[in-house]
Amino acid sequence: MTGPAQRSVGRHGGSPPWEIGAPQPALLALADSGALRGRILDIGCGTGEHTLMAAAAGLDATGIDGAEDSLAVARRKARDRGLTARFIQHDALALAELGEVFDTALDCLLLHALTPTDRSRYLDGLRAVLRPGGRLFVLCYSNQHTTEPTPPHIMSRAELESCFTNGWTVDRVQATTSSSTMHAGGVAAWLAACTRR
């Protein structure tokens, strides 16, 4: 199933700038700290680096994306690395249709690209598939970024926190950096940790 939240690895003949061939350092630090637990859902997984990061930690990891070309790359990476992970073509705005429950969800640079209406649909769907007490980790571009080129979809901290007023508790929002193939020093970002009430 595809929809407005799909992403493709082949845009303009190359990879998008967030496809760095490795997990984002901020999310890798979460994995290394033991913050990722139980069944993992990686939404908008692209070529699967964060799904595979969770699988390498011994977790039951599922990645979803709307772009089949990206998922084909993810499945090939899993085979090449000897990792067990599941990759499903699915619309991030229809998460409830998965009919499954997860303990932890990862959102790497997806939420900020959605319209306010779609953000509401997306988070309602996330609440349907994340168990009460489950954790959501969101990495998004920050309005604190100061170098060119200006990244798309930047959010203020207040705008990010305002997404989580219905059925969520914002545990923390911290400033961090998102690695990018277009920004040598990375992109200023926020990492939010939220709990599903």
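Between Asp107, Asp60, Asp80, Asp65, the distinction of being surrounded by fewer than 22 Cβ atoms within 10 Å (Cβ to Cβ) and within 23 Å of Pro16 (Cα to Cα) belongs to Asp80 only.
Look at segment 41-55 and say how many of its residues are in a strand (DSSP E or B), closer than 20 Å to Arg76 by Cβ and either hydroxyl-bearing (Ser, Thr, Tyr) or in contact with an Asp or Glu (Cβ under 7 Å, 6 or more places away or on another chain) (or both). It would help to see each step written out before you state the result.
Filtering segment 41-55 down to residues in a strand (DSSP E or B) leaves 41-43.
Narrowing the set further to residues that are closer than 20 Å to Arg76 by Cβ leaves 42.
Cutting the leftovers down to either hydroxyl-bearing (Ser, Thr, Tyr) or in contact with an Asp or Glu (Cβ under 7 Å, 6 or more places away or on another chain) (or both) gives us none.
The number of residues fulfilling the criteria is 0.
I need the full set of residues from segment 179-197 which are surrounded by 17 or more Cβ atoms within 10 Å (Cβ to Cβ), touching a residue at least 60 places away in the same chain (Cβ under 8 Å) and within 20 Å of Arg135 (Cα to Cα), in order please. Those that are surrounded by 17 or more Cβ atoms within 10 Å (Cβ to Cβ), touching a residue at least 60 places away in the same chain (Cβ under 8 Å) and within 20 Å of Arg135 (Cα to Cα): Ala189, Leu191, Arg196. For segment 18-49, a residue qualifies if it is at pLDDT below 95 and either crowded, with 19+ Cβ neighbours inside 10 Å or over 22 Å from Gln174 (Cβ atoms) (or both), and the qualifying residues are Trp18, Glu19, Gly21. Restricting segment 111-121 to residues that are among the aliphatic types (A, V, I, L, M) and out of contact with any strand residue (DSSP E or B) (no Cβ under 6 Å at 6 or more places or on another chain), the residue that is farthest from Glu49 (Cα to Cα) is Leu114. Taking segment 77-119 as the range and being free of Cβ contacts under 8 Å to residues at least 24 places away in the same chain and either within 15 Å of the chain's Cα centre (by Cα) or in a helix (DSSP H, G or I) (or both) as the test, the residues that pass are Arg79, Asp80, Pro116, Thr117. Among the residues of segment 56-74, the ones that are under 15 Å from the mean Cα position of the chain (by Cα) and either hydroxyl-bearing (Ser, Thr, Tyr) or not in a loop (DSSP other than H, G, I, E, B) (or both) come to 8 in all.
Under the condition of being over 23 Å from Ala35 (Cα atoms) and either at pLDDT below 95 or among the polar types (S, T, N, Q) (or both), the residues counted in segment 142-165 number 12. In segment 127-138 there is at least one residue matching the filter, namely being within 15 Å of Arg196 (Cα to Cα), touching a residue at least 24 places away in the same chain (Cβ under 8 Å), assigned to a helix (DSSP H, G or I) and within 16 Å of the chain's Cα centre (by Cα).
Would it be correct to say that Ala184 is in a helix (DSSP H, G or I), of a type outside the set (S, T, N, Q) and more than 18 Å from the chain's Cα centre (by Cα)? When the stated conditions are applied, Ala184 does not pass them. Pairing each residue of segment 147-169 that is part of a loop (DSSP other than H, G, I, E, B) with any residue that is crowded, with 16+ Cβ neighbours inside 10 Å and charged (D, E, K, R), provided the two are 6+ apart or on different chains, yields C-beta distances under 8 Å for Cys163/Arg119; Gly167/Arg127; Gly167/Arg196.
The values are calculated or read from the model by the stated rules, or taken from the named source; none is laboratory data. Since the structure is predicted, the reported quantities are computational estimates derived from the model, not experimental observations. Backbone-built Cβ (ideal geometry, glycine too); neighbour counts: all protein chains shown.
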